[in-house]
Amino acid sequence: FHKLKLVSPHSGETILERYCRQLTSKVSIVVGYRAAELMSSFPNHEFYYNHAWFETGSAYSVAAGLKSVPTIIIPCDLFLDDASANTVRSQTGNVIYTSATENRETNAINVNCENEEIKHIYSGPKIQGSDREFHGIVRIEDAELMQNITKSCEEQPGAAFSDILNQFKSQFTACELTGEVREINSVDQFFEYFR
């Protein structure tokens, strides 16, 4: 059962339906795990296949889907409330979206920044109390930056996308999402979302 098919208990929409309503009707999906199931379930969308999904990192999948600008990169396991989605949709430029999440997983991706300037993107416990969480949502509007990121992702197929972004952090601004971002990585997390 692929996460894009998870249904919000509040709206009855799948994650994909929410992305289409909240962000854009033109969605391209990078598939690997259970690709045929997704392609059959959502035939009206554009798909890119990461044939090595079982042995590559998230950077390689991102590279497979980076085709044009502007683009919003978003993982398939996030439920955004409308306030967060409005923030993502209304920003311009090259943006890394963060949130001031109090309780995080110990392996969370964090962003250290001063105002909107990104100093460091790292995985693990927070280094500073004000460091924000990165959920994987990125906007890219600069074509040359997109080409450079794509090249780095392809040259480092086992890398996490956040590690690639750290190499280009000076070309992005940070934007804090003030609404709710709910990541679903387990049945327990999904059950909590239903409560």
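The values are calculated or read from the model by the stated rules, or taken from the named source; none is laboratory data. Owing to the predicted nature of the structure, the values given are computational and were not obtained by experimental measurement. We place every Cβ from the backbone using ideal geometry, glycine too, and count neighbours over all the protein chains shown. Accessible surface areas use protein heavy atoms only, side chains included; no ligands, DNA or RNA. Shrake-Rupley method; radii C 1.70, N 1.55, O 1.52, S 1.80 Å.
Modelled with pLDDT under 95, over 23 Å from K3 (Cβ atoms) and either over 16 Å from the mean Cα position of the chain (by Cα) or open to solvent by less than 10 Å² (accessible area, probe 1.4 Å) (or both), is that true of N115?
On the way: modelled with pLDDT under 95: yes; over 23 Å from K3 (Cβ atoms): yes; either over 16 Å from the mean Cα position of the chain (by Cα) or open to solvent by less than 10 Å² (accessible area, probe 1.4 Å) (or both): yes.
Criteria met by N115.
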task: Would you point out which residue out of V62, V95, V30 is modelled with pLDDT of 95 or more, out of contact with any helix residue (DSSP H, G or I) (no Cβ under 7 Å at 6 or more places or on another chain) and closer than 24 Å to I121 by Cβ?
output: V95
- prompt: Is there a residue being over 23 Å from S130 (Cβ atoms), open to solvent by less than 30 Å² (accessible area, probe 1.4 Å) and assigned to a helix (DSSP H, G or I) anywhere in segment 79-91?
  reply: yes
- prompt: When segment 160-193 is examined, which residues are found to be surrounded by 18 or more Cβ atoms within 10 Å (Cβ to Cβ) and among the small types (G, A, S)?
  reply: S162, A174
task: Only strands (runs of 3 or more DSSP E) wholly contained in segment 99-173 count here; list those with 3 or more residues that are more than 24 Å from A64 (Cα to Cα).
output: 109-114, 117-123
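Residues are listed down the side, and each one gets a yes or a no for (1) of a type in the set (K, R); (2) out of contact with any Ser or Thr (no Cβ under 9 Å at 6 or more places or on another chain); (3) surrounded by 14 or more Cβ atoms within 10 Å (Cβ to Cβ); (4) in contact (Cβ under 8 Å) with a residue 60 or more places away in the chain:
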{"position": "S8", "(1), (2), (3), (4)": "no, no, yes, yes"}
{"position": "E13", "(1), (2), (3), (4)": "no, yes, yes, no"}
{"position": "C20", "(1), (2), (3), (4)": "no, yes, yes, no"}
{"position": "S28", "(1), (2), (3), (4)": "no, no, yes, no"}
{"position": "H51", "(1), (2), (3), (4)": "no, yes, no, no"}
{"position": "G65", "(1), (2), (3), (4)": "no, no, yes, no"}
{"position": "V69", "(1), (2), (3), (4)": "no, yes, yes, yes"}
{"position": "C76", "(1), (2), (3), (4)": "no, yes, yes, yes"}
For T98: the one exception among (1) surrounded by fewer than 22 Cβ atoms within 10 Å (Cβ to Cβ); (2) touching a Lys or Arg at 6+ places or on another chain (Cβ under 7 Å); (3) touching a residue at least 60 places away in the same chain (Cβ under 8 Å): (1)
- request: Being assigned to a helix (DSSP H, G or I) and not hydrophobic (A, V, I, L, M, F, W, C) is the filter here, so list the residues in segment 174-195 that pass it.
  value: D188, Q189, E192, Y193
message: When you scan segment 124-140, do you find a residue that is surrounded by 15 or more Cβ atoms within 10 Å (Cβ to Cβ), over 17 Å from the mean Cα position of the chain (by Cα), of a type in the set (D, E) and within 15 Å of I73 (Cβ to Cβ), even just one?
response: no
